[in-house]
Amino acid sequence: MTCLVSPATYPSKKALTAAVAERPGHVWITDPSIFPGSRGEFTAEALQPGESVCVTNHPKRSWFAKVGRTAAGRLYVK
């Protein structure tokens, strides 16, 4: 499921990329799923090695990004 980030805080994918690089513990991501296993709210820093999530700026959905952590532990935004 596509997760959500605040469009007021991250108006563009470029802004999200900069925030993840500078302060990943302050980048809040929301998993809106109502089903068991939903992560609720978490920070980009909480992603485990090899894990990634798709995010968008809700409700506009004018851009999408994949936020993840490499096996080596580096965070990225694609």
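The values are calculated or read from the model by the stated rules, or taken from the named source; none is laboratory data. Because the structure is a prediction, the values reported are computed rather than measured. Here the Cβ positions follow ideal geometry from the backbone for every residue, glycine too, while neighbour counts run over all protein chains shown.
Which members of region 41-78 meet the condition of being modelled with pLDDT of 95 or more and at positive phi?
50, 73 - these are the residues of region 41-78 that are modelled with pLDDT of 95 or more and at positive phi.
Out of the residues in region 1-47 that are part of a helix (DSSP H, G or I) and touching an Asp or Glu at 6+ places or on another chain (Cβ under 8 Å), state the one that is farthest from residue 77 (Cα to Cα). So that I can check it myself, show each step before the final result.
The first filter runs over region 1-47 and keeps only residues part of a helix (DSSP H, G or I), leaving 13-22, 24-26, 44-46.
With touching an Asp or Glu at 6+ places or on another chain (Cβ under 8 Å) added as a condition, the list becomes 24-25.
Details: 24: 11, 25: 15 Å.
Among those residues, the one meeting the criterion is 25.
Could you figure out which of (1) over 10 Å from the mean Cα position of the chain (by Cα); (2) modelled with pLDDT of 95 or more isn't true of residue 31?
If we test residue 31 against (1) over 10 Å from the mean Cα position of the chain (by Cα); (2) modelled with pLDDT of 95 or more, just (1) comes out false.
Could you please tell me which pairs satisfy a Cβ distance under 6 Å, a separation of 6+ or placement on different chains, a first residue in region 1-19 that is closer than 29 Å to residue 36 by Cα and without any contact (Cβ under 8 Å) to a residue 60 or more places away in the chain, and a second residue that is assigned to a loop (DSSP other than H, G, I, E, B) and hydroxyl-bearing (Ser, Thr, Tyr)?
Close Cβ pairs (under 6 Å, with a partner that is assigned to a loop (DSSP other than H, G, I, E, B) and hydroxyl-bearing (Ser, Thr, Tyr)) amount to 1/33.
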